[in-house]
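The values are calculated or read from the model by the stated rules, or taken from the named source; none is laboratory data. It should be emphasised that the depicted structure is a prediction, and the values quoted were computed from it without experimental measurement. Here the Cβ positions follow ideal geometry from the backbone for every residue, glycine too, while neighbour counts run over all protein chains shown.
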Amino acid sequence: MSNFFVSNLFGTGSCLFILARHLKIDVCVQVCVSKEGTVAHYGMQATDEIKEGEVLFTIPKSALLHQGTSKVSAVLEKGDYSSNFNVLTVRPPVSTLLHHLPRFAQNRERDALLRGTGISEAVNRDLANIRREYMDVVLPFITKHPHLWSPDTHTLGLYMQLVAFVMAYSFQEPQEGEDDDEEEAASPPMMVPMADMLNHVSNHNANLEFTPDCLKMVSVRPIQKGEEVFNTYGEMANWQLLHMYGFTEPYRSNSNDTADIPVANLYRVATQGIQSDLDRQLMEEQWEVLCEMMQDKAAFVFGKQGCLTDTELHTVLKVLCMSKEEFSEFKENEGWEEDDEDEDKISLVFSNEGLPGLKASWKWLIHEAARLTVRSYGDDEGKTEGEGSDWALNDQATLAGLNSRQQNALQVRCGQKTILYRLMELTKS
């Protein structure tokens, strides 16, 4: 994803490098910013061969834009407001980005293109959170400072656009030794000039490193002359890339792609064919216990090499297949069991290599839950397993007739269904 904000302001790479000198960004001579030969509107290319471990550019922390370096930092610090107020310190042209982000598509179009992918649900959660934050926090803050902001100008619509921009182009410093689940441990987002010029692929060749005084973009493998320099935004599945950044990778080359099987689908499969009231009562009790144990876990995540939430899936399958006596003992122990299977063994069991060797009852539950999930996409009616809408990606004439939103949605759906079809193949009886 290129930085149209910078390209619109400065036009050419040479002007950008003038800005870099002004900000005291040290850029090596082996790279340039170009519109040609990159995967998006802008990107960074190698003008000469680059060895592994070379520093491509260095950014002093004084050049970063965040709430602490903005012109209104004193006001923000005095009010002790959250780092989300970064969005009030910038106002870039965001129309290009918004065109590609699902949250700015019409509901009907978004739901039609992204049915079954989980993106529409994520977008709805985002919009609800943004609205609540604007009404509860941002608007009262704006009203208190009419000399800086105006409710007539700084509307909910503008706030949504700026949140989208900051989410898509900001960086966060990793917190070593902190609990990732604790929001307090997360660093505030910061806008990083030059670093946001690099596009993302899963098989990246550069990485942004944080030091006490500066940020460095360092090559992680040799880069050939003329090759594009790619950063990584993390291990991102295509649905996450589209949701957060408005683009996708070709699904076959995205090694981090994933597909979710909703927990509810596994429950629906498990309750199929229950005849007696006693069996139904047992199943409901088992499910109630599992819901308490899993809390907010809404889906099991599968990657190209197997299940990424293997511990949770192992627990659910084990409990759902317990007899009444086994379940009673399980409850007496409050969910704790003497189990010889450690996390490494469980990971192996639910890898692509281990899935065919699962108990028949476990394989059936996974297989049918995957089948139910595939049906939720609604675009492969009458197709056999492994066959589906990915034919459009192999037909250049058809692909050329699709707009960017349709192409991105197709990459997400095809990637997810490929994983699910593979899972069904590995768990078939």
Legend entry - Selection within segment 126-147 - touching a helix residue (DSSP H, G or I) at 6+ places or on another chain (Cβ under 7 Å) and either outside any helix (DSSP H, G or I) or of a type in the set (Val, Ile, Thr) (or both): Ile130, Val138, His145
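Residue check: is Ala259 modelled with pLDDT under 95 and within 16 Å of the chain's Cα centre (by Cα)? Working first, answer last.
Values: modelled with pLDDT under 95: no; within 16 Å of the chain's Cα centre (by Cα): yes.
The answer is no for Ala259.
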Inset, instruction - Identify the residue in segment 212-230 that is part of a loop (DSSP other than H, G, I, E, B) and acidic (Asp, Glu) and, among all such residues, is surrounded by the fewest Cβ atoms within 10 Å (Cβ to Cβ). - result: Asp213
Inset, instruction - Tell me, please, whether a residue that is touching a strand residue (DSSP E or B) at 6+ places or on another chain (Cβ under 7 Å) and of a type outside the set (Asp, Glu) can be found in segment 269-279. - result: no
Inset, instruction - Might you let me know whether segment 231-243 holds any residue that is more than 20 Å from Ala370 (Cα to Cα), assigned to a strand (DSSP E or B) and touching a His at 6+ places or on another chain (Cβ under 7 Å)? - result: yes
Legend entry - Number of the condition not met by Gly226 [criteria: (1) at positive phi; (2) of a type outside the set (Phe, Trp, Tyr); (3) not assigned by TED's automatic domain parsing to the domain that holds Leu56]: (3)
Inset, instruction - Please verify whether segment 214-233 includes one or more residues that are within 27 Å of Leu313 (Cα to Cα) and touching a residue at least 24 places away in the same chain (Cβ under 8 Å). - result: no
Legend entry - First in segment 307-329 and closer than 10 Å to Gln286 by Cα, second anywhere and surrounded by fewer than 19 Cβ atoms within 10 Å (Cβ to Cβ), Cβ under 6 Å, 6 or more apart: Cys321/Ser361; Lys324/Leu282
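Being closer than 27 Å to Thr427 by Cα and surrounded by 15 or more Cβ atoms within 10 Å (Cβ to Cβ) is the requirement here; does Ala299 meet it? Can you show your working first?
Details: closer than 27 Å to Thr427 by Cα: yes; surrounded by 15 or more Cβ atoms within 10 Å (Cβ to Cβ): yes.
Spelling it out, Ala299 is indeed closer than 27 Å to Thr427 by Cα and surrounded by 15 or more Cβ atoms within 10 Å (Cβ to Cβ).
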Inset, instruction - Look through segment 169-211, keep the residues that are buried (at least 17 other Cβ atoms within 10 Å of the Cβ) and of a type in the set (S, T, N, Q), and return whichever of them is modelled with the highest pLDDT. - result: Asn205
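Take the residues in segment 202-244 that are of a type in the set (Val, Ile, Thr) and over 13 Å from the mean Cα position of the chain (by Cα); name whichever of them is farthest from Ser187 (Cα to Cα). Give the steps one after another, and end with the answer.
Step one: of segment 202-244, the residues of a type in the set (Val, Ile, Thr) are 211, 218, 220, 223, 229, 232.
Keeping just the survivors that are over 13 Å from the mean Cα position of the chain (by Cα) gives 211, 218, 220, 223, 229.
Values: Thr211: 14, Val218: 21, Val220: 24, Ile223: 31, Val229: 26 Å.
Step by step, filter segment 202-244, then rank; the result is Ile223.
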